[in-house]
Amino acid sequence: MLQHTTVFPPQQWGELPNGESIRFIVEQTLAPWWPRIFGYYLLNLGGLSATMDKTGLSIQNEYSLYDADTADIMAELTHLPIQNSAIDAVVMNFLLEFNADPYRLLRELDRVLIAGGYLIIVGFNPISPLFLGKLLSQYQDSLPWSGRFFTPSRVKDWLGLLGYQVVSDDRVIHHHLLSRISKNNSLWQQGLKSWLPSSGSVYVIVARKLEVPLTPLQIKKTIKQPKWTTATAGRTGRVPSPVVKPSINTIPE
């Protein structure tokens with residue numbers, strides 16, 4: 001039985017090829033979302049999330065969790081020392097690819113998130129030019145190709161099982177990352193972005209935890225009340241004349 005080799009996630013953007021370019025583009029993609037997120041506590045998972053620019057964020061209390069002395073919290077990602085339903089938003093950059101049990105990680109995040117809370121996931125898309133590095137032996141042991149890539153559709157399926165609504169799904173950086181990303185996109189990059197927009201090498205998913213799971217409701221059948229007709233006496237169907245009771249004054253002595 002093959003065992004999955006533990007690969008540590010990147011803690012600094014400079015550990016990734018074109019890391020600063022990736023950071024800038026991801027920050028631009030998420031910039032419109034920060035003013036929409038409210039609450040008291042935001043959790044940054046991983047060193048990359050902690051160093052992102054979040055201008056406009058209304059949450060003042062940010063905490064970072066990763067394996068370094070500079071982190072606010074040091075703990076295992078699948079055993080967070082946080083109470084249930086205590087966090088308003090979680091930001092996670094490139095962690096699913098380097099976790100032995102990514103779905104378990106998502107379940108742990110679901111435990112600490114409040115109803116209506118936001119979960120932001122940034123990851124590498126295998127259905128993109130980035131997959132070229134997986135095919136070349138000289139890159140297979142280097143970041144990010146040393147990790148396991150999951151399709152955005154699979155990640156969204158996991159979120160759906162946990163009761164989340166995906167409110168945004170962007171694909172950015174139509175580049176293989178094997179060389180330097182130029183400011184002016186090449187013709188083939190522009191072509192991919194125009195004709196295959198879903199083939200971006202990086203996906204940015206914003207999901208929200210539903211207060212009530214989307215479960216189908218059974219349609220109640222309306223029982224029609226029968227229309228009863230008044231029964232009549234006699235064969236002719238005529239209603240008999242009412243019997244007039246004699247009054248006390250008419251009773252003979």
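Yes or no: the range 25-42 includes at least one residue that is among the aliphatic types (A, V, I, L, M), over 19 Å from the mean Cα position of the chain (by Cα) and part of a loop (DSSP other than H, G, I, E, B).
No, the range 25-42 contains no residue that is among the aliphatic types (A, V, I, L, M), over 19 Å from the mean Cα position of the chain (by Cα) and part of a loop (DSSP other than H, G, I, E, B).
Got a sec? Which strands (runs of 3 or more DSSP E) wholly within the range 52-137 have at least 2 residues that are over 15 Å from the mean Cα position of the chain (by Cα) and farther than 22 Å from Ser199 by Cβ?
Fully inside the range 52-137 and qualifying: 61-65.
Has the range 170-183 got any residue that is more than 19 Å from Gly14 (Cα to Cα) and surrounded by fewer than 17 Cβ atoms within 10 Å (Cβ to Cβ)?
Checking the range 170-183: not a single residue is more than 19 Å from Gly14 (Cα to Cα) and surrounded by fewer than 17 Cβ atoms within 10 Å (Cβ to Cβ).
Might you let me know whether the range 49-70 holds any residue that is within 19 Å of Leu162 (Cβ to Cβ), at pLDDT 95 or above and either hydroxyl-bearing (Ser, Thr, Tyr) or in contact with a strand residue (DSSP E or B) (Cβ under 9 Å, 6 or more places away or on another chain) (or both)?
Within the range 49-70, none of the residues are within 19 Å of Leu162 (Cβ to Cβ), at pLDDT 95 or above and either hydroxyl-bearing (Ser, Thr, Tyr) or in contact with a strand residue (DSSP E or B) (Cβ under 9 Å, 6 or more places away or on another chain) (or both).
Consider Tyr118 carefully, then state whether it is open to solvent by 10 Å² or more (accessible area, probe 1.4 Å), among the aromatic types (Phe, Trp, Tyr), modelled with pLDDT of 95 or more and under 21 Å from His174 (Cβ atoms).
No; evaluated as a whole, the condition is false for this residue.
Among the residues of the range 152-184, count how many are among the β-branched types (Val, Ile, Thr) and not in a strand (DSSP E or B).
Total satisfying the criteria: 3.
Taking the residues in the range 121-136 that are in contact (Cβ under 8 Å) with a residue 60 or more places away in the chain and under 20 Å from Phe98 (Cβ atoms) as candidates, determine which candidate is most open to solvent (accessible area, probe 1.4 Å).
Ile127
So how many residues does the range 26-48 have that are open to solvent by less than 50 Å² (accessible area, probe 1.4 Å), within 20 Å of Gly116 (Cα to Cα) and not hydrophobic (A, V, I, L, M, F, W, C)?
2
What number of residues within the range 96-114 are touching a Gly at 6+ places or on another chain (Cβ under 8 Å) and open to solvent by less than 10 Å² (accessible area, probe 1.4 Å)?
Matching residues across the range 96-114 total 2.
The values are calculated or read from the model by the stated rules, or taken from the named source; none is laboratory data. Model, not experiment: these values are computed from the prediction. We place every Cβ from the backbone using ideal geometry, glycine too, and count neighbours over all the protein chains shown. Calculation scope for accessible area: heavy atoms of the full protein, side chains included, ligands and nucleic acids excluded. Shrake-Rupley method; radii C 1.70, N 1.55, O 1.52, S 1.80 Å.
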